[in-house]
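Trainee: One structure is given below, represented as structure tokens, and several questions about it will come after.
What follows draws every value from the coordinates through simple rules; no lab data is involved. The structure displayed is predicted, hence computed values, not measured ones. We place every Cβ from the backbone using ideal geometry, glycine too, and count neighbours over all the protein chains shown.
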Amino acid sequence: MGTNKRIKAKAEQTKGRVEEVAGRAVGNESMAAKGHAEKSKGDLREAKERAKGSARKAKDTLEP
């Protein structure tokens, strides 16, 4: 399940990066801002999933 969420995070990051670059290329700051927001959303989702994975590993290490 975590893998699907990581894939979704990467997809959001990529979509946002493309939209941001396209917005800047055509001079559309609104589009660039939306792309940046989408990329940031993906970054946060990825960080959350990494933290959850680290917490699981720590829990598994502590259990006998």
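Trainee: Picking from 61, 28, 11, whose Cα lies most toward the positive end of the charge dipole for the stretch 2-62 (charges on Cβ: Lys, Arg +1; Asp, Glu -1)?
Mentor: 61
Trainee: Sum -39500 (n - 2.57) across every DSSP H segment of at least 4 residues in the chain, then divide by the residue count to get the 222 nm mean residue ellipticity, nearest 500.
Mentor: Working: 2 runs with 59 residues, N = 64.
Counting only the DSSP helices, I get -33000 deg cm²/dmol.
Trainee: Which length gain, in nm to one decimal place, applies between residue 7 and residue 33 when the Cα-Cα distance is subtracted from 0.36 nm times their residue separation?
Mentor: Working: separation 26, 0.36 × 26 = 9.36 nm, distance 2.27 nm.
That works out to 7.1 nm of additional length.
Trainee: From the phi of every residue in the stretch 44-54, what ³J(HN,Hα) in whole Hz does the Karplus formula 6.51 cos²θ - 1.76 cosθ + 1.60 yield, where θ is phi - 60° and glycine or proline is x?
Mentor: Residue by residue, the stretch 44-54 yields 5, 4, 5, 4, 4, 5, 5, 5, 5, x, 5 Hz.
Trainee: Over the chain, calculate the relative contact order: mean separation of alpha carbon pairs under 8 Å at least 6 apart, over the residue count, as a percent. Can you show the working numbers first?
Mentor: Values: 65 pairs, mean separation 23.1, N = 64.
RCO, the chain: 36 percent.
Trainee: Consider the candidate values (1) 12.8; (2) 11.5; (3) 14.6; state which one is Kirkwood radius over Cα pairs in Å computed from the structure displayed.
Mentor: It is the one labelled (1).
Trainee: For a 20 Å ceiling on Cα separation, which of these pairs sit above it: 10/41; 10/39; 5/39; 8/48; 8/39; 10/57?
Mentor: On the way: 10/41 10 Å; 10/39 9 Å; 5/39 15 Å; 8/48 12 Å; 8/39 11 Å; 10/57 22 Å.
In this structure, 10/57 exceed 20 Å between Cα atoms.
Trainee: Where nothing but the Cβ of Lys and Arg (+1) and of Asp and Glu (-1) is charged, how large is the charge dipole of the chain around its Cα centre, in debye to the nearest 20? Mind showing how you got there, number by number?
Mentor: Numbers: 17 positive and 10 negative charges, 48 e Å.
Computed about the Cα centre, the dipole is about 240 debye.
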